Amino acid sequence: EQYAGAAITTQTDVFQLGGLLRELLSGSRAPARARGDSREPPRMRDVLRELAASDTAATAVLAASRSTSASALQRMLRGDLERIVRRAMHAEPEQRYASVAALAEDLRRWRRGAPVSATAGTLGYRARLFLRRHRFGVAAAAAVAVALAVGLGLALREAQQRSAAEHATENALAMLEDVFLGADPYAAKGGDTRALDLVDRARTRVLADASHDPAIAARLLFEIGGVYVSLGKRELAEPTMREAVQIGERAGPAALVWTEGARARLAHYALVLDGKPEAARDLDLAIARLRGSGNDGFFELAQALEFKADAAFNSGDYTSIPALSGEAVETHRRAGGDDSSEYANALGNHASLLRAIGRYGDALEPAAHAYRIVQALGAAAPPSTVFYVEQQYAGALGASGRGADAEPLLRDAFAHASTTPGTDQGLVDAIAWELASTQFDIGRFEDAAGGMRTLVAHAVTKNANLAAIHNALGKAELALGHADVALASFEQALQILCGNEADSPPCLAIGLNRAEALVALGRGDAARSALSALAEKVGDDAAPARGRWRVVEARARFARGDAAGAADVIAPRVAQARDARDSVDIADALVLSDAARIEAQRGDSATALADLREADRRMARLWQGTPPQLADVRARIAALGAAMR
């Protein structure tokens, strides 16, 4: 207006405010215009991308000053924020906001996730924001509903880019309108509409129109099946994934990614939940085809590799897990970038698996890497990813002997996850589990038992997770000296998980814990019978279960007065514990305490005192306070020392 000598109006002020907003957001000013230049200023994200190509350090500083990362800043500057700035700075005054108040209102609407006037009100856009605004009111997890909306939006954009798919696009748009916008579900159902209701309607509509474009139908069914998975509805997820495979196979290469992604999910169900090893062929087939699908299939390939690692864990094939999980992590990195929340989540998964197979030292690096990523992302990282990564990082710290550092981090994560609306209860319970387990590891047995009791009370289904909670509760009760309560917990765990089959590693571990409780209760015959049955199943001395069996068997023999037999059976495990002077496993300290009891009984006071002092040193390093076992060790040190003077 100044160049043209035109009137200086409110729209001129709006333009200047748009320029200020642009600089605050991106650190860049729109270039000055020559007289008569009506071109729009370059997009903020394009300017940022050019800066990153020429000066990555400057980009990093720019992002850091806004408490985020470069990639997160670039993502933030896409979409509605860019549109608000461009409308405010439009070359034509009449196309700008009518007032400063209107600009301010659009910014307020952006902050609360509502549609902004600077954006065309397309059905996909309105549906996505509807779900975002009501994410805390939807009875099912909000992330599930948003994920569905994103999946539908991706499929629609793909269809719109294909001129031959105009009819499919119209159908998909109609489905979006019918499912999400046909009526206000909050008005219709008094605010109690669940994500499941929306998903069911979407599935019905997709199946009805699948013949028009099988490729887009396969993709939508795959996305919908994923929502059912997230909702824990296997009875709906499985047939939906099967429909995705059937329709996708008719569509051919255009639907390969979704077809094989669904095939992998079905194989995972069959392998892990149904125990059908023949399903491994389908999973391998899906992985092979996804490897050949290029960049478009990275995420589904990573997920299929995670399925294969999970199946390997459940079958006890631990040797293949690091490579499979490592490939999944690298695939996530290639798909999302070095600083994406998806990559951080995959690193957390990798650390979790490494811990589960006893590779504690290897788990800390990926867990710490994931933690650094979410710290750098700040508010750009989804809260669920932040909580999960914090859980895995703290768990890896604890497994490395740094439980005292891990416990406050877990307490903080649990407090935030419990009070953040929309956080999945399963994730909250997982953090509670990690917290209670860490408290057990640092000798806070009362806190650990209390946490596990709460988890038992929350459980709604009898599954492997509940069995693990009962087992952990039993260990805490046993450490507190409540052997009768512990025995009941171990037997609950066995009943839930094992039935008549007690050969799996988890069932063997629980069985050994049960035998230890029987010994503590003085039920020698029952303990002897249990240990005899377990002796044939725990493997050779290279297996951790064999070392644990030796400890419990030695306690049983010592309890019935056979100190020599106890010394013989525990000797290999004692030698191992003595060699591991830097051990972060409290079991080694407890073995030395057991060995000292046997040695003192046999008259070898000097060796007993040396083992007790080493047990004291290790317990004091790993435990907080003075748990009963540490108090017992110190009392025996004092008694032996006095007797030897």
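The values are calculated or read from the model by the stated rules, or taken from the named source; none is laboratory data. From a predicted model like this one, the values you see are computed outputs, not experimental measurements. Glycine gets a Cβ as well: all are built from the backbone with ideal geometry, and neighbour counts include every protein chain shown. Each accessible area value is taken on the protein alone, full model and side chains, heavy atoms only, with ligands, DNA and RNA left out. Shrake-Rupley method; radii C 1.70, N 1.55, O 1.52, S 1.80 Å.
Report yes if ARG597 is among the basic types (Lys, Arg), closer than 18 Å to VAL633 by Cα and outside any helix (DSSP H, G or I), otherwise no. It is false that ARG597 is among the basic types (Lys, Arg), closer than 18 Å to VAL633 by Cα and outside any helix (DSSP H, G or I). For the residues ASP447, ASP484, the requirement of being exposed (fewer than 15 other Cβ atoms within 10 Å of the Cβ) and at pLDDT 95 or above singles out ASP484. Can you name every residue in the range 620-632 that is in contact (Cβ under 8 Å) with a residue 40 or more places away in the chain and out of contact with any Lys or Arg (no Cβ under 9 Å at 6 or more places or on another chain)? Across the range 620-632, the qualifying residues are ARG621, LEU622, PRO628, GLN629, LEU630. Against the condition more than 17 Å from the chain's Cα centre (by Cα) and part of a helix (DSSP H, G or I), how does GLY401 come out, does it pass? Answer is no for this residue. Within the option set GLY252, GLY248, being at pLDDT 90 or above and out of contact with any Asp or Glu (no Cβ under 9 Å at 6 or more places or on another chain) holds for one residue only, GLY252. Here the range 71-94 is the region considered, the condition is being in contact with a Phe, Trp or Tyr (Cβ under 7 Å, 6 or more places away or on another chain), within 27 Å of GLY336 (Cβ to Cβ) and open to solvent by less than 10 Å² (accessible area, probe 1.4 Å), and the residue that is modelled with the highest pLDDT is ILE84.
Please indicate, with yes or no, whether at least one residue in the range 572-586 is in a helix (DSSP H, G or I) and of a type in the set (Ser, Thr, Tyr). No: zero hits. Select from the range 457-478 the residues that are of a type in the set (S, T, N, Q) and surrounded by fewer than 19 Cβ atoms within 10 Å (Cβ to Cβ) and write down the one among them that is nearest to PRO627 (Cα to Cα). Filtering the range 457-478 for residues that are of a type in the set (S, T, N, Q) and surrounded by fewer than 19 Cβ atoms within 10 Å (Cβ to Cβ), the one nearest to PRO627 (Cα to Cα) comes out as ASN465.
So for the range 290-305 (the condition being out of contact with any His (no Cβ under 7 Å at 6 or more places or on another chain), touching a residue at least 40 places away in the same chain (Cβ under 8 Å) and hydroxyl-bearing (Ser, Thr, Tyr)), does at least one residue qualify? No: zero hits.
What about ALA60, is it without any contact (Cβ under 8 Å) to a residue 12 or more places away in the chain and under 15 Å from VAL116 (Cβ atoms)? Taking the combined requirement at face value, the residue does not satisfy it.
Residue-wise test of (1) in contact with a Lys or Arg (Cβ under 9 Å, 6 or more places away or on another chain); (2) of a type in the set (A, V, I, L, M, F, W, C).
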{"position": "ALA509", "(1), (2)": "yes, yes"}
{"position": "GLU516", "(1), (2)": "yes, no"}
{"position": "GLY522", "(1), (2)": "no, no"}
{"position": "ALA527", "(1), (2)": "yes, yes"}
{"position": "SER532", "(1), (2)": "no, no"}
{"position": "ARG548", "(1), (2)": "yes, no"}
{"position": "VAL552", "(1), (2)": "no, yes"}
{"position": "ALA567", "(1), (2)": "yes, yes"}
{"position": "GLN576", "(1), (2)": "no, no"}
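Which of the residues belonging to the range 411-424 are more than 19 Å from GLY625 (Cα to Cα) and free of Cβ contacts under 8 Å to residues at least 60 places away in the same chain? If the condition is that a residue be more than 19 Å from GLY625 (Cα to Cα) and free of Cβ contacts under 8 Å to residues at least 60 places away in the same chain, then ASP412, ALA413, PHE414, ALA415, HIS416, ALA417, SER418, THR419, THR420, THR423 are the ones that fit. Only residues that are at pLDDT below 50 and either hydrophobic (A, V, I, L, M, F, W, C) or closer than 17 Å to VAL245 by Cα (or both) were counted in the range 168-225, giving 12.
Taking the conditions (1) open to solvent by 20 Å² or more (accessible area, probe 1.4 Å); (2) farther than 24 Å from ARG359 by Cα in turn, ARG372 satisfies each one other than (2). Restricting TYR371, TYR269, TYR360, TYR343 to those that are within 21 Å of the chain's Cα centre (by Cα) and at pLDDT below 90 reduces the list to TYR360.
Looking across the range 425-461, the residues that are in a loop (DSSP other than H, G, I, E, B) and touching a residue at least 24 places away in the same chain (Cβ under 8 Å) come down to ILE442, GLY443, ARG444. Annotation: of all residues in the range 252-278 being open to solvent by 10 Å² or more (accessible area, probe 1.4 Å) and among the small types (Gly, Ala, Ser), the one that is nearest to PRO239 (Cα to Cα) is ALA270.
Results for (1) over 35 Å from the mean Cα position of the chain (by Cα); (2) open to solvent by less than 40 Å² (accessible area, probe 1.4 Å), shown as yes or no for each residue.
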| position | (1), (2) |
| --- | --- |
| GLU553 | yes, yes |
| ALA559 | yes, no |
| GLN576 | no, no |
| ALA587 | no, yes |
| ASP604 | yes, no |
| MET644 | yes, no |
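Within the range 213-238, residues that are open to solvent by 10 Å² or more (accessible area, probe 1.4 Å) sit with their Cβ atoms under 6 Å from residues that are in a loop (DSSP other than H, G, I, E, B) and not charged (D, E, K, R), at 6+ positions apart or across chains, in these pairs: LEU231/ALA140. Can you name every residue in the range 540-551 that is open to solvent by less than 50 Å² (accessible area, probe 1.4 Å) and part of a helix (DSSP H, G or I)? Answer for the range 540-551, where residues must be open to solvent by less than 50 Å² (accessible area, probe 1.4 Å) and part of a helix (DSSP H, G or I): ALA545, ARG546, GLY547, TRP549, ARG550, VAL551. Yes or no: ALA417 among the small types (Gly, Ala, Ser), assigned to a helix (DSSP H, G or I), farther than 26 Å from ARG359 by Cβ and open to solvent by 60 Å² or more (accessible area, probe 1.4 Å)? Here the answer is no, as ALA417 does not meet what is asked.
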